[in-house]
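Structure first, then comments.
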Amino acid sequence: MRRFLLGALGASLLICFVVVAPAGPVSAAQPVDTIEMDSAITPVTVRLLTTAIDRAQSDGAQALIVLLNTPGGLERSMRSMVQTILASPIPVIVYVSPTGARAASAGVFITMAAHVAAMAPATNIGAAHPVPVGGGGMDKEMTKKVENDAAAFARTIAAERGRNVEWAEKAVRNSVSATEREAVKLKVVDLVADNVPDLLEKIDGRTVKTSRGPVTLATRGAPVKTIEVGFRDRFLALISDPNVAYLLMMGGMLGIFFELSNPGAILPGIIGGICLILAFFAFQSLPVNWAGLLLLLFGVILLIAEIKVVSHGVLAIGGVVSMLLGSIMLYDSSDVTGIRLSWGVILPTVGATAGLVFLAVSMGIRALYRPAATGPSAMVGRVGTARTPLQPEGQVLIDGELWRAVSADGAIEAGQPVQVTAIDGLTLTVTRSRRRP
């Protein structure tokens, strides 16, 4: 009986070991999802982050790593991303990478809001002072209000995540920055990692607080899955690029210009309308300076007026200058926001637009001075052959047609070349010609 009981006990322990033992490795094998954000902070990046968190949850991932490299962006979009991270049910790890990347301006708030903040070697973080965008300047009192609001928001985030509150406020008020090593010493970020596998090794076992409660990370050796950005999001990100939105707007205005210049062409009008609609959609998520936009529109109007009004090029030159100034003023040119128009886009676009308009104007002017190709006036200057003697009346053959003609040079023998000098109804006035038809 004793042997039977010992055997039964041993079998029970073995069964428990077989059933319970796999639970540990399964938990440790939970994947970690990653998404790359390498652009300015706009409404498109807000959508990408929200979608990535939902996707990571559906994948059963234990955490989401955001590979961040941004020069900054829009304050409203930044706040939305911070709120999304703070309310995330799974840990969000912001990793400033690759080497040489930065988390500037709005990127500072997003990094500090992460459950785990890490940086790659040779990266930096900081310079979060708010700047006005959209062309509207702020008075001293309004600037102070905006600065105080941003500083309070930075302090709140830093305190919530146990980071350096004093440095967070200085990043807003004094635009201070820090390298990755300095950021770790100042407790702005948690660690420096060479790459994603190194990051997973270093955060293994770390406990973080999410909206669902404390979560202990088991990331050592965890599989990494990259979240691919869908076509719709890639397309929205593409047209929301400041340079692409500018090109769409210029292409749209050119399409409308050519449609008005050549009514009935249809295709330029269709393409121009689509480009303009896409451009104005992109402008909703960009800090557009309306004075710059109006200058661009005014420049195009001046170029169109050049076709209708004889100004000897004054309107065309004014249109080019207006377009150039509008292009410069279209977006905020500060490096802090990261949203600006490249000179490599401005100059070729303005030059190509002006060149196309000048080409259209010159072709129109040449058409005005070109001899008539049809009608009575087109007969003047034509060369034909006297079909009958002209004494002074007779018949001439011009382009296969017989005409009644009167000679202005006296008698002309049949077969002699003649040239039309005038036309009166259906009677031509001709003279001798040295040219043969």
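The values are calculated or read from the model by the stated rules, or taken from the named source; none is laboratory data. Given the structure is predicted, the values throughout are model-derived calculations rather than measurements. Glycine also receives a Cβ, built like all others from the backbone with ideal geometry; neighbour counts cover every protein chain displayed.
General observations
- From the list ILE256, ILE266, the lone residue that is surrounded by fewer than 18 Cβ atoms within 10 Å (Cβ to Cβ), β-branched (Val, Ile, Thr), closer than 30 Å to ILE346 by Cα and not assigned by TED's automatic domain parsing to the domain that holds VAL92 is ILE266.
- Taking the criterion of being of a type in the set (D, E, K, R), in a strand (DSSP E or B) and in contact with a Lys or Arg (Cβ under 9 Å, 6 or more places away or on another chain), the only residue of the range 375-408 that qualifies is GLU393.
- Candidate set: the range 196-229, residues that are touching a helix residue (DSSP H, G or I) at 6+ places or on another chain (Cβ under 8 Å) and among the β-branched types (Val, Ile, Thr); chosen: the one farthest from ALA56 (Cα to Cα): THR219
- Sole residue being at pLDDT below 85 and under 21 Å from MET329 (Cβ atoms), chosen from MET253, MET249: MET253
- Check on PHE235, surrounded by fewer than 21 Cβ atoms within 10 Å (Cβ to Cβ), outside the structural domain of VAL350 (by TED's automatic domain parsing) and modelled with pLDDT of 80 or more: yes
- In the range 409-419, the residues that are among the hydrophobic types (A, V, I, L, M, F, W, C) and in a loop (DSSP other than H, G, I, E, B): ALA411, ALA414
- Residue tally, condition assigned to a helix (DSSP H, G or I), among the hydrophobic types (A, V, I, L, M, F, W, C) and in contact (Cβ under 8 Å) with a residue 40 or more places away in the chain, over the range 150-181: 8
- Long-range neighbours under 8 Å by Cβ, at least six apart or interchain, first residue closer than 15 Å to VAL229 by Cβ and basic (Lys, Arg) within the range 40-60, second in a helix (DSSP H, G or I) and at pLDDT 90 or above: none
- Matching residues in the range 159-176 - criterion: being polar (S, T, N, Q) and either within 11 Å of HIS129 (Cα to Cα) or surrounded by fewer than 18 Cβ atoms within 10 Å (Cβ to Cβ) (or both): ASN174, SER175
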